[in-house]
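Chemist: Take a look at the following structure, please.
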Amino acid sequence: MTAHTLPEIGTIEPNQHGYRSFSLGKFAFARDEYFAYIQWPKGHHLMPVDAFLRALQRDIAWGFFYGTVNFDAVIGTLNHYGTVDLFAGRYNAHYRKAGLDYVETFKTPLIQRVFEAMLDDWTNATFDPFASPAETGSAFGPKNGHNKEAITRHRVTARRMVGAPGDEPRRADDNGFPVNRGFVDVPQDEPDVKPEPGFEDEVVAFNLLAYLSRSDVTWNPSVVSVCKNSLYCPTTEEYILPIIHGNDRVEWFVQLSDEIHWEVEDRETGAARARVTMKPGDVAAMPADIRHRGFAPKRSMLLVWENASPELPALISQGKLPTNPVQF
Amino acid sequence: MRQYFTRFGSLERYEKGGVEVINDDPKNYVFSNIFEVASKSKPYEKVAVGKNLEYVIEAIRAEGTSEWRAPGHDEFALVMDGEVEIRLMKLDNPSVVPPGTQGSIALKGTPAGRKMGVVRTRRGHMTLLPVGAAYQFHANRPGVVLLQTIAGNGTIERWGDICQK
Ligand SMILES: [Fe+2]
């Protein structure tokens, strides 16, 4: 099968555990009670199925995101914005050295379709891949229903600013966003907005921290304000970032509350480069040649700041832009 | 149910994390702290704490009354500490901001225009500073604003002073 023909979306008959198997190009995916199994022409791999589904959920919801979404040290995707590489061992120095790495490129709608079908079939009614582990049930066991509502949440992408007329709404109890248990002490006061007559639509403000305190998901950057290609994508974090994000451009973090620990590795090989500890008010860049994974001991608020300019990945990979944002 | 305590920073009380290098240069991470930067700034200095090509985020110490400024595009002011009043004015003559202006320009005195309104903001509040309008900040006590904008007139870059080396 070539990468550009439409494959069967998955086996019709479920396996003995009740789950369908899927194929994409020369990759094959299967699950049982505890694990997701990934096979490619030169090797095979397995991941705990809860970790696999958390990674898969984010890869799909973010449209394959900026750069590399490593599910773990072996499996992942690289976004070419129109096509997507699915890889095994490609960004793992040891698999590379052993010649066991493998990459196949797919048109985005094709890989999206297969990933969505797999996420839907493999996510049981008890499991929410976006929730923190303390706020969801088990991913394990034989097939047990679906959780369509959890895996097809609306992705927030403000066009100007959350709360602006016609834009993404604020969150409140009565639109389904109660304050999260980790943020019950976060003040819910709204700014005192006093427009003069006729300027009601142009004098706009909202409480970002209250908005974030009502997020029902973890590790899910979503756009709240837009200055051309400069996007504020804050997110609430608890436990472990379910992917290891490899940058194709510089990305910035502003820690708004509490604390996150980052492990930073070389994007190509996985070699350790640094640990970054971020406390409230701390600002740090993630260079364009690294990958990073965050650890949040308590639910915390992180402002992820992105430059969405489409020309950046090419400029950086061709060496026309430095991989770090500021020289001093 | 367990009661969690959420930690925020302030000018008076902040604690910094940092970069621990394994095989790297800490300067690659351009690591600073907004409250530390603002605690050492003059009122309304626009100190870049993040930069991604033309785009910046600026830490601004809000203290007293600022000059009027007018942006070439939407900007967003997020209050990180204190209480800040944001005054907005629709410019009678929007062409005082040259086309293509990046960031904002300072205006002399109070610009001619119609009052659009006032927003009284506290920590966590984000306000749209719309293109076509001028804005002025006022804070009775020192506070901190994080501004999402483009590097321009008035943007200060002093990375060597603010970042971990
Ligand atoms: Fe990231």
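The values are calculated or read from the model by the stated rules, or taken from the named source; none is laboratory data. Treat the numbers as computed from the prediction; the structure is a model and nothing was measured. Here the Cβ positions follow ideal geometry from the backbone for every residue, glycine too, while neighbour counts run over all protein chains shown. Please note that ligands, DNA and RNA were not included when accessible areas were found on the heavy atoms of the full protein model with its side chains. Shrake-Rupley method; radii C 1.70, N 1.55, O 1.52, S 1.80 Å.
Chemist: Give me a count of the residues in segment A:96-107 that are open to solvent by less than 60 Å² (accessible area, probe 1.4 Å) and not in a strand (DSSP E or B).
Modeler: Qualifying residue count, segment A:96-107: 2.
Chemist: Okay, moving on. Kindly establish whether A:Asp173 is more than 16 Å from the ligand (Cβ to nearest atom), open to solvent by less than 60 Å² (accessible area, probe 1.4 Å) and without any contact (Cβ under 8 Å) to a residue 40 or more places away in the chain.
Modeler: no
Chemist: I want to confirm something. Restricting to segment A:40-49 and keeping residues that are surrounded by fewer than 17 Cβ atoms within 10 Å (Cβ to Cβ) and at pLDDT 95 or above, which single residue is farthest from A:His94 (Cα to Cα)?
Modeler: Per the stated criteria, the residue is A:Pro48.
Chemist: All but one of (1) part of a strand (DSSP E or B); (2) on the phi > 0 side of the Ramachandran plot; (3) more than 15 Å from the chain's Cα centre (by Cα) hold for A:Asp258; state the number of the condition that does not hold.
Modeler: Tallying (1) part of a strand (DSSP E or B); (2) on the phi > 0 side of the Ramachandran plot; (3) more than 15 Å from the chain's Cα centre (by Cα), A:Asp258 fails exactly one: (1).
Chemist: Here are A:Ala88, A:Ala73, A:Ala93: which of them is away from the ligand (no atom under 16 Å from the Cβ), within 14 Å of chain B (Cβ to nearest Cβ) and modelled with pLDDT of 95 or more?
Modeler: Testing whether each residue is away from the ligand (no atom under 16 Å from the Cβ), within 14 Å of chain B (Cβ to nearest Cβ) and modelled with pLDDT of 95 or more leaves just A:Ala93.
Chemist: Follow-up. Identify, from the list A:Val223, A:Val276, the residue that is within 26 Å of B:Val131 (Cβ to Cβ) and assigned by TED's automatic domain parsing to the domain that holds A:Ala308.
Modeler: Exactly one of A:Val223, A:Val276 is within 26 Å of B:Val131 (Cβ to Cβ) and assigned by TED's automatic domain parsing to the domain that holds A:Ala308, namely A:Val223.
Chemist: Taking segment B:24-55 on its own, how many of its residues are among the hydrophobic types (A, V, I, L, M, F, W, C) and part of a strand (DSSP E or B)? Show your work before the answer.
Modeler: Our first condition is that a residue be among the hydrophobic types (A, V, I, L, M, F, W, C); within segment B:24-55, this holds for B:30-31, B:34-35, B:37-38, B:47-49, B:53.
Filter once more, keeping what is part of a strand (DSSP E or B): B:47-49.
Adding up the residues that qualify gives 3.
Chemist: Do you know which of the residues in segment A:50-64 that are within 16 Å of the ligand (Cβ to nearest atom) and open to solvent by 20 Å² or more (accessible area, probe 1.4 Å) is nearest to the other protein chains (Cβ to nearest Cβ)?
Modeler: Restricting to residues being within 16 Å of the ligand (Cβ to nearest atom) and open to solvent by 20 Å² or more (accessible area, probe 1.4 Å), the top hit is A:Gly63.
Chemist: Right, another one. Quick one: in segment A:33-43, which of the residues that are farther than 26 Å from A:Val217 by Cα and over 22 Å from the mean Cα position of the chain (by Cα) is nearest to the ligand (Cβ to nearest atom)?
Modeler: Here the answer is A:Trp40.
Chemist: Only one of (1) crowded, with 21+ Cβ neighbours inside 10 Å; (2) more than 18 Å from the chain's Cα centre (by Cα) is not met by A:His292, so which one is it?
Modeler: With respect to (1) crowded, with 21+ Cβ neighbours inside 10 Å; (2) more than 18 Å from the chain's Cα centre (by Cα), A:His292 is out only on (2).
Chemist: Would you mind stating whether A:Pro221 is more than 7 Å from every other protein chain (Cβ to nearest Cβ) and closer than 30 Å to B:Gly152 by Cα?
Modeler: Taking the combined requirement at face value, the residue satisfies it.
Chemist: I've got another one for you. If you scan segment B:56-82, which residues turn out to be assigned to a strand (DSSP E or B) and surrounded by fewer than 20 Cβ atoms within 10 Å (Cβ to Cβ)?
Modeler: If the condition is that a residue be assigned to a strand (DSSP E or B) and surrounded by fewer than 20 Cβ atoms within 10 Å (Cβ to Cβ), then B:Gly64, B:Thr65 are the ones that fit.
Chemist: Something else: Can you go through A:Val179, A:Val162, A:Val204, A:Val156 and tell me which one is among the β-branched types (Val, Ile, Thr) and within 7 Å of another protein chain (Cβ to nearest Cβ)?
Modeler: A:Val204
Chemist: Go through segment A:224-245 and count every residue that is more than 14 Å from every other protein chain (Cβ to nearest Cβ) and under 18 Å from A:Gly176 (Cα atoms).
Modeler: 1
Chemist: Does A:Leu46 count as more than 15 Å from the ligand (Cβ to nearest atom), under 19 Å from the mean Cα position of the chain (by Cα) and assigned by TED's automatic domain parsing to the domain that holds A:Phe140? First the steps, then the outcome.
Modeler: Values: more than 15 Å from the ligand (Cβ to nearest atom): yes; under 19 Å from the mean Cα position of the chain (by Cα): no; assigned by TED's automatic domain parsing to the domain that holds A:Phe140: yes.
The answer is no for A:Leu46.
Chemist: Filter segment A:297-306 down to residues that are touching a residue at least 60 places away in the same chain (Cβ under 8 Å) and more than 13 Å from the ligand (Cβ to nearest atom), then give me how many there are. Let's see the steps before the verdict.
Modeler: Step one: filter segment A:297-306 for residues touching a residue at least 60 places away in the same chain (Cβ under 8 Å), giving A:298-306.
In the following step, the residues that additionally are more than 13 Å from the ligand (Cβ to nearest atom) were identified as A:298-301.
So the count comes out to 4.
Chemist: Just the residues that are within 16 Å of the ligand (Cβ to nearest atom) and crowded, with 24+ Cβ neighbours inside 10 Å, please, taken from segment A:275-287.
Modeler: Residues satisfying the conditions are A:Val276, A:Met278, A:Asp282, A:Val283, A:Ala284, A:Ala285, A:Met286, A:Pro287.
Chemist: Another one. Wholly within segment A:1-93, which strands (runs of 3 or more DSSP E) include no fewer than the required count, namely at least 2 residues that are free of Cβ contacts under 8 Å to residues at least 60 places away in the same chain?
Modeler: Per the criteria, A:27-31, A:35-40, A:43-48, A:75-79, A:83-88.
Chemist: Go through segment B:106-165 and tell me which strands (runs of 3 or more DSSP E), entirely inside it, have 2 or more residues that are of a type in the set (Val, Ile, Thr). Talk me through it step by step, then tell me what you get.
Modeler: Numbers: elements: B:113-121, B:125-129, B:133-150.
The qualifying strands (runs of 3 or more DSSP E) are B:113-121, B:133-150.
Chemist: Right, here's the next one. Hey, among A:Gly182, A:Gly176, which residue is out of contact with any strand residue (DSSP E or B) (no Cβ under 6 Å at 6 or more places or on another chain) and small (Gly, Ala, Ser)?
Modeler: Criteria check complete, one pass: A:Gly176.
Chemist: Something else about it: Sort out which residues of segment A:202-249 are more than 23 Å from B:Thr6 (Cα to Cα), within 15 Å of the ligand (Cβ to nearest atom) and open to solvent by less than 10 Å² (accessible area, probe 1.4 Å), and write them in order of number.
Modeler: A:Ile243, A:His245, A:Gly246, A:Asn247, A:Arg249
Chemist: Specify which of the listed residues (B:Glu20, B:Glu85) is in a strand (DSSP E or B), free of Cβ contacts under 8 Å to residues at least 12 places away in the same chain and within 10 Å of another protein chain (Cβ to nearest Cβ).
Modeler: None of the other options fit; the residue is B:Glu20.
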